[in-house]
1. Within segment 68-88, which residues are part of a helix (DSSP H, G or I) and small (Gly, Ala, Ser)?
2. Inspect all residues belonging to segment 133-147 and state whether any of them is in a loop (DSSP other than H, G, I, E, B), surrounded by fewer than 18 Cβ atoms within 10 Å (Cβ to Cβ) and out of contact with any Pro (no Cβ under 9 Å at 6 or more places or on another chain).
3. Is segment 62-73 home to any residue that is out of contact with any helix residue (DSSP H, G or I) (no Cβ under 8 Å at 6 or more places or on another chain) and over 30 Å from PRO156 (Cα atoms)?
4. Filter segment 64-85 down to the residues that are under 30 Å from VAL54 (Cβ atoms) and among the aliphatic types (A, V, I, L, M) and list them by number.
5. Quick one: in segment 20-29, which of the residues that are surrounded by 11 or more Cβ atoms within 10 Å (Cβ to Cβ) and out of contact with any helix residue (DSSP H, G or I) (no Cβ under 9 Å at 6 or more places or on another chain) is nearest to LEU55 (Cα to Cα)?
6. For segment 43-64, what are the residues that are free of Cβ contacts under 8 Å to residues at least 40 places away in the same chain, surrounded by fewer than 19 Cβ atoms within 10 Å (Cβ to Cβ) and farther than 13 Å from GLY145 by Cβ?
7. Is it the case, given these coordinates, that ILE150 is farther than 22 Å from ILE70 by Cα, touching a residue at least 24 places away in the same chain (Cβ under 8 Å) and out of contact with any Leu (no Cβ under 8 Å at 6 or more places or on another chain)?
8. May I ask you to verify whether TYR102 is in contact (Cβ under 8 Å) with a residue 24 or more places away in the chain and among the aromatic types (Phe, Trp, Tyr)?
Amino acid sequence: MLRVALHRAEEGLIAAILAAMTLLTFLQVILRYVFNTGLLWALEATLYMFGWLVLLGISYGVRTHAHIGIDAAVRLFPPAVRRSIGIAVVALALVYTGLMLYGAWFYVDRLFILDVDAEDIPIRRWILTLCLPIGFALLAIRLLGMAWRILAGRSPGYELADEAADALRDAGVERTADGAPRR
């Protein structure tokens, strides 16, 4: 129940950020090209919102298996080898995420110490850049969850989007137990 509520809140936040970016950009275009004016802070606000959108979206993509990848060669291996490859991939992704999380924390800490405002927005820059450690922490949590599913045998490996399977399903093509299209 709590998990579903958190997932809905995450999706709502991502949708709200995207809507705010779209509306602000549309308003800025109208103001600039129709009224020959504009909002000084709009570009910077859109930039920070985009950062939040991307960094929350990375974690969301891992949760929903929306990231694409090339796994044709991996699928040729037996299930045990696929799981081992999946664990190796998750481990490498966690190393990268850990490095980025450390750097993000260090960066936000320095901005906190400097106590500077954003260029055009009267908000402390460290607050606007909290998307970095939050986004990478969420990504680490999602990657750890994926590693747990692989180790527990509930996942065959690193979980990616399968656009070919989605297209076949949308076209009404049934699949056999091994995943091949039924003829």
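1. To start, the set of residues in segment 68-88 that are part of a helix (DSSP H, G or I) comprises 74-76, 79-88.
Matches in segment 68-88: ALA80, SER84, GLY86, ALA88.
2. no
3. We begin by selecting, within segment 62-73, every residue out of contact with any helix residue (DSSP H, G or I) (no Cβ under 8 Å at 6 or more places or on another chain); these are 64-65, 69-73.
Those still in the list that are over 30 Å from PRO156 (Cα atoms) too: none.
Checked against the condition, which is being out of contact with any helix residue (DSSP H, G or I) (no Cβ under 8 Å at 6 or more places or on another chain) and over 30 Å from PRO156 (Cα atoms), segment 62-73 yields no hits at all.
4. ALA66, ILE68, ILE70, ALA72, ALA73, VAL74, ILE85 - these are the residues of segment 64-85 that are under 30 Å from VAL54 (Cβ atoms) and among the aliphatic types (A, V, I, L, M).
5. Our first condition is that a residue be surrounded by 11 or more Cβ atoms within 10 Å (Cβ to Cβ); within segment 20-29, this holds for 20-22, 24-25, 27-29.
When the remaining residues are screened for being out of contact with any helix residue (DSSP H, G or I) (no Cβ under 9 Å at 6 or more places or on another chain), the result is 22, 29.
On the way: THR22: 18, VAL29: 26 Å.
Filtering first and then ranking leaves THR22.
6. Just the residues of segment 43-64 that are free of Cβ contacts under 8 Å to residues at least 40 places away in the same chain, to begin with: 46-47, 49-50, 53, 61, 64.
Subset that is surrounded by fewer than 19 Cβ atoms within 10 Å (Cβ to Cβ): 46-47, 50, 61, 64.
THR46, LEU47, PHE50, GLY61 - these are the residues of segment 43-64 that are free of Cβ contacts under 8 Å to residues at least 40 places away in the same chain, surrounded by fewer than 19 Cβ atoms within 10 Å (Cβ to Cβ) and farther than 13 Å from GLY145 by Cβ.
7. Working: farther than 22 Å from ILE70 by Cα: no; touching a residue at least 24 places away in the same chain (Cβ under 8 Å): yes; out of contact with any Leu (no Cβ under 8 Å at 6 or more places or on another chain): yes.
Spelling it out, it is not the case that ILE150 is farther than 22 Å from ILE70 by Cα, touching a residue at least 24 places away in the same chain (Cβ under 8 Å) and out of contact with any Leu (no Cβ under 8 Å at 6 or more places or on another chain).
8. Taking the combined requirement at face value, the residue does not satisfy it.
The values are calculated or read from the model by the stated rules, or taken from the named source; none is laboratory data. Since this is a predicted model, take the numbers as computed values, not measurements. Cβ coordinates were reconstructed from backbone atoms using ideal geometry, including for glycine residues, and neighbour counts include every protein chain displayed.
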